[in-house]
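J.: Take this structure, written in C-alpha cells, and hold onto it; I'll ask about it next.
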Amino acid sequence: MTVRKGKKLTISIQEHMAIDVCPGPIRPIRQISAYFPRLSPTAEPISPNPASLLALSPGVGASGGTSRGLLSPLQAEVRGGGGTLSAASSIETSVDICSSDSDDSTALGTLEFELRYETATSSLHCTIIRAKGLKPMDFNGLADPYVKLHLLPGACKANKLKTRTIRNSLNPVWNETLTYIGITEEDMHRKTLRLSVCDEDKLTHNEFIGESRVALRRVKPDQTKRFYTCLEHPPPLPSPTAMGAALRGISCYLREWENEQLTSLEERGRLLLSLQLLPPPAEGEAEGRRGGLYVGVHRCAHLAAMDVNGFSDPYVKIYLKPDVKKKSKHKTAVIKKTLNPEFNEEFFYEISLSELVHKTLEVTVWDYDLGRSNDFIGGVCLSCHVQGDALRHWMDCLRNKGQRVERWHILTNELPQTTCHD
C-alpha cells in the first residue's frame, strides 16, 4: 500500500478485496470424520482426552508430532488456532446431528399389531392393537389416526381394509381385528402387508403419517405372531433417468422391472369355487344319477369397486369351452351393493372324463349396470393348459373322482377373448 504525502489514505480495490478475503489466519477445514464419530447417541458420555484424540487423529504421527497434511478440528484446538472447535464440542455437535437426523421413523411413531393365518379357512387375521408417539398432524398438537391395510402386489382398492378413527390422540388404542378372506399359501409366500397410519381430516384430505411393511412369509400357519414396528416414510420410487453412467446397468434392470409391473395382471378380488367330477353310474346302480361335472360358485371376496358408490353389483358367469352348441353358459343371481357377495349356487355339466380333459372352464365376475353394458371385474380359467392354483385345482378334480374339491382363485383383469359382454 502506497500513501503520498499530504493526501488522504486511499486503498485500491485489489487491496480491499485482499483484506476481505483474508481477514485472519486460515481456519482448518473440518474433516468428515468429525461429523460421524464412532459413538452411539444412547451411550454414556465419554470425556474426551485431547492427548488421546491427537494420537488417533490422521494428521498426527505416532511420536506425537504433527504432519504437514490437512488440519483436523481436533488438532486445531490443541494448536490454539483461533476460531476453531474444541475436541469436546466437535464430538457433542456430531452426536446431536446423528441423534436428530438418524432415524426419522422414531419421530413418526410406533405400531403394535398381530398376524395370524388360518389354513382351514384360508383367512389372514390382522389385529391392530395400538400406536405410540405418533407425529402431531393437527393444530392442537394431536391427530385423528386410523390404520389402512393393503396387500402388495395387488389392486389397492380391492384389498383395502380400514380401522375406525381415534380422535385427538397420539397414542391410540384400537384392539380391532381385520380379516382377509381367500388368502392362499402361495399368497403367504409372495405377498407383503402394508399398514399405513393416516390422520383423518373432515374439511381437507387425509394426511399420511407413516407406514410399516411385513412380508407374510414371516407368519407361520395357525400361529399368532406379534410385531412392534417403527413407522417409516414410503420408499421412494426409483428413477432410472436420474442415475449416472456408473449405474447404467442398474438403470436398465429397473426399467425392465417397471415395464413388467405395468404389463402385469391386476388383481381384482378372490373367488371360491368347488369342483366335483362324478363318474357315470355303473351297471346295477340307480339310473337317476348322472355322470358329469358339478361347479359350485360359493362366494367372492375383496372385489374391485366398479360403481361410484364404492361398491359393485356382482354376478358370476361360467362357460365350458369349446362350446359348439352354445349351451354351456350359466349365470348366478346379482347381489346388490357389495364387494364380498355370497352366491352358494351349483351348476352341472353332463360330460365324460375323456371329453373333460380337452375342455376349459371359464369363470368371470361382472358388475351389473342397468341400462348400459355390464363392467368386467375379473376372471379365471381352469384347464390342463394353465398354470398355478388353477391347474392344481383342475387336476385335483380329475384325480379325485366323486370328491368335492374347493379352492380360492385370484381374479385378474384379463378378459378372455371369447367372453361375451351380456
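The values are calculated or read from the model by the stated rules, or taken from the named source; none is laboratory data. These figures come from a predicted structure and were not determined experimentally. Cβ sites come from the backbone with ideal geometry, for glycine too, and all protein chains shown count toward neighbours. Ligands, DNA and RNA are stripped out before the accessible areas are found, and what is left, the full protein with its side chains, is counted by its heavy atoms. Shrake-Rupley method; radii C 1.70, N 1.55, O 1.52, S 1.80 Å.
J.: How many Å² of accessible area per residue for the stretch 315-403, probe 1.4 Å? Can you show the working numbers first?
T.: On the way: 4710 Å² over 89 residues.
Ligands and nucleic acids excluded, the figure is 53 Å² per residue.
J.: Follow-up. Where in the stretch 297-317 does the label zone of GLU346 land, with the point 7 angstrom along Cα→C-beta and an amide N cut-off under 13 Å?
T.: Label zone hits: 297-298.
J.: Determine which lysines satisfy two conditions relative to LYS220: a Cα distance under 30 Å, and not lying fewer than 8 residues away in the same chain.
T.: Partners found: LYS132, LYS148, LYS157, LYS160, LYS162, LYS191.
J.: Which whole-number value in Å² is the accessible area per residue of the stretch 109-231, probe 1.4 Å? The partial results should precede the final answer.
T.: On the way: 5910 Å² over 123 residues.
Per-residue accessible area for the stretch 109-231 comes out at 48 Å².
J.: Kindly provide the trypsin sites (Lys or Arg not before Pro) of the stretch 306-347 that DSSP labels as loop, not H, G, I, E or B, and whose Cβ sees at most 16 other Cβ atoms within 10 Å.
T.: LYS325, LYS326, LYS327, LYS329, LYS336, LYS337
J.: What is the extension gain from GLN403 to GLU176, computed as 0.36 nm multiplied by their sequence separation minus the C-alpha to C-alpha distance, in nm to one decimal?
T.: Separation in residues times 0.36 nm, less the Cα-Cα distance, equals 77.9 nm.
J.: Please give the FRET efficiency for GLU186 paired with LYS321, using the beta carbon to beta carbon distance and R0 = 25 Å, rounded to the nearest 0.05. Walk me through the intermediate numbers first.
T.: Details: r = 26 Å, r/R0 = 1.02.
So, using R0 = 25 Å, E works out to roughly 0.45.
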